[in-house]
Amino acid sequence: MERNLKNVLVISFGFLLLFTAYGGLQSLQSSLNSEEGLGVASLSVIYAALILSSMFLPPVLIKKLGCKWTIAISMCCYIAFSLGNFYASWYTLIPTSVILGLGGAPLWSAKCTYLTIAGTSYAEKAGKNAKDIINQYFGVFFLVFQSSGIWGNLISSLILSQSSTKVEISEEDLACCGAYNCLTDTANTTGSAKPSNSLIYTLLGVYTASGVLAVLLVIIFLDQIKSDQAETEKEKLEAPSFWSTFLATFRHLKDKRQCLLIPLTMYSGFEQGFLSGDYTKAYATCALGIQYVGYVMICFAAVNSLCSLLFGKISQFTGRKLLFALATVTNTACIIALLLWKPHPKQLAVFFVFPALWGLSDAVWQTQTNALYGILFEKHKEAAFANYRLWESLGFVIAFGYSTKLQVYIKLYVLLSVLVLSMVMYGAVEYLEAKSSPRTLTATKKENGGLHSQETCM
């Protein structure tokens, strides 16, 4: 097997194992640790810590440890969160949530940096377009990674199903479902009795073991990777200072393109937060019961996973602009439909159509936005991907922050507004790129005495 592809698969399956555990735990926090809002508080702390981590840790750790060991150590932070759930309290869950958040940004930044370098390296050897190879690598990664939502929800459903109770939902309760939901936690909560401790410990044991396997997979099978030789030699000679590396994330905001991409990056957090926090509660749980939430999220994860591979492959033929347009139209249609739809158990299939379409859109947001960062900021990958995690996490924090304060229809309008702003700003980025590319090509031709050239600079 080609070495770069092997490394991509190792990272992909490592993340699959890790997020099978974390994704399952995340979706269960509000149910398992509902006392005094501990579960929701832990999720808020995770993303707040992730924001702080994004500001300074990724460049420092990646330059000191390299991508491989940054990934391995950061994965251990996720395992700490699983262990904290064995005896969930404010003194165990909140500190482990902070640890997880601090490890999150270096983990994702190192992964994105690794895939970008691997794609660029292979493209140079094979004489192919680096952009196309990077898109394919991200597509393979998200194909494997997004399926973690399937396995995490399936594991929790199989283990906890023994204690779930089915409840008949009255027409009066159904009136409180959907976009104009009643702001109350009393509706339809009787059907979700807390499982026994033995079942909870069994589930946590499976999740912890999955995280440990992820760390071992990376340590044993993932090759350490470096950027090209010129950059390596330059680093040896210059030896950048700690504060220079520390401030790399902030300095990167001087790039106008990075600032224009902030709304798009935040939208990724908004739309994921809405599906996992609001759609599952105000639509699926409210009208069908909590036992259907796992199946709804499995549908989302399955479509997301398949589309991630598909879009990674076809992006070289369609271009990223067409895929972004597809995701925008699909998400907009879903938002409008959710504003108008009154969920009812008799419309069972519709409950799965929305997460399927949401998964299609999210596949574009994840694969193409990650690849876009890698392509636009190839010389400053660590700082760029740190900014990606920073702004996406801020989107999550805002989405969770107003989750219990606003009705769903207001959240949908907010989501639509952010989407429109994101596309306007993204269009400006594409305009700047198109404007600069012909100028670069003209300069290249002049330098070569008017000789025919096919090269352009991103």
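Of note:
- Surrounding net charge for Tyr426, when Lys and Arg each add one and Asp and Glu each subtract one, Cβ distance under 14 Å: +2
- Probe 1.4 Å, all protein chains present, accessible-area order of Asp362, Asp255, largest first: Asp255, Asp362
- Qualifying trypsin sites (Lys or Arg not before Pro) in the stretch 329-424, where qualification requires a DSSP coil assignment and no more than 15 other C-beta atoms within 10 Å, comprise Lys405.
- Carbon + sulfur, % of accessible area of the stretch 246-434 - ligands and nucleic acids excluded, 1.4 Å: 73
- Mean Cβ neighbour count within 10 Å, used as a protection proxy, ranking 203-213, 417-427, 99-109 highest first: 99-109, 203-213, 417-427
- Spatial offset of the stretch 65-128 relative to the stretch 250-290 amounts to 20 Å, using the alpha carbon center of each.
- FRET efficiency for the pair Tyr295 and Glu171, taken as 1/(1 + (r/R0)^6) with r the Cβ-Cβ distance and R0 = 25 Å, rounds to 0.60.
- For Trp69, the solvent-accessible surface computed with a 1.4 Å probe is close to 100 Å², ligands and nucleic acids excluded.
- Neighbour net charge for Gly139 - beta-carbon separation under 13 angstrom, K R +1, D E -1: +2
- Residue-level accessible surface for Ile298, protein heavy atoms, 1.4 Å, Å²: 30
- Pairs spanning more than 25 Å between alpha-carbon atoms, out of Lys321/Lys381; Lys125/Lys256; Lys125/Lys379; Lys131/Lys321; Lys125/Lys313: Lys125/Lys256.
- Potential lengthening between Tyr431 and Ser417 on full extension [0.36 nm per residue; Cα-Cα distance subtracted]: 2.9 nm
- Separation of the Leu52 and Leu340 label points, Cα + 7 Å toward Cβ, nm: 4.6
- Difference of contour (0.36 nm per residue) and Cα-Cα distance, Asp255 to Val329: 23.8 nm
- Mean Cβ neighbour count within 10 Å, used as a protection proxy, ranking 370-378, 84-92 highest first: 370-378, 84-92
- Put a plus charge on the Cβ of each Lys and Arg, a minus charge on the Cβ of each Asp and Glu, and nothing anywhere else: the dipole of the stretch 246-434 about its Cα centre is then about 120 debye.
- For the stretch 24-165, a crude dipole built from +1 on the beta carbon of Lys and Arg and -1 on the beta carbon of Asp and Glu, taken about the Cα centre, is about 620 debye to the nearest 20.
- Checking every one of the trypsin sites (Lys or Arg not before Pro) in the stretch 74-173 against DSSP loop status and a limit of 15 other Cβ atoms within 10 Å picks out Lys128, Lys166.
- Charge tally around Met75: other residues with Cβ under 14 Å, Lys/Arg +1 each, Asp/Glu -1 each, net +2.
- Leu247 exposes around 70 Å² of accessible area when a 1.4 Å probe is run over every protein chain in place.
- Solvent-accessible surface ranking, highest first, for Tyr388, Tyr201 at 1.4 angstrom: Tyr201, Tyr388
- Inter-probe distance in nm under a simple model that places probes 7 Å from Cα toward Cβ, at Ala349 and Leu247: 6.0
- Listed values for the stretch 112-117 are Karplus-derived 3J(HN,Hα) couplings in whole Hz (6.51 cos²θ - 1.76 cosθ + 1.60, θ = phi - 60°), namely 5, 4, 4, 5, 5, 5, and x replaces Gly and Pro.
- Overall dimensions of the stretch 4-61 by Cα: Rg and Dmax, Å: 15.2, 48
The values are calculated or read from the model by the stated rules, or taken from the named source; none is laboratory data. All values derive from a computational prediction rather than experimental measurement. When we count neighbours, we look across all protein chains shown, and the Cβ atoms used for this are built from the backbone with ideal geometry, even at glycine. Ligands, DNA and RNA are stripped out before the accessible areas are found, and what is left, the full protein with its side chains, is counted by its heavy atoms. Shrake-Rupley method; radii C 1.70, N 1.55, O 1.52, S 1.80 Å.
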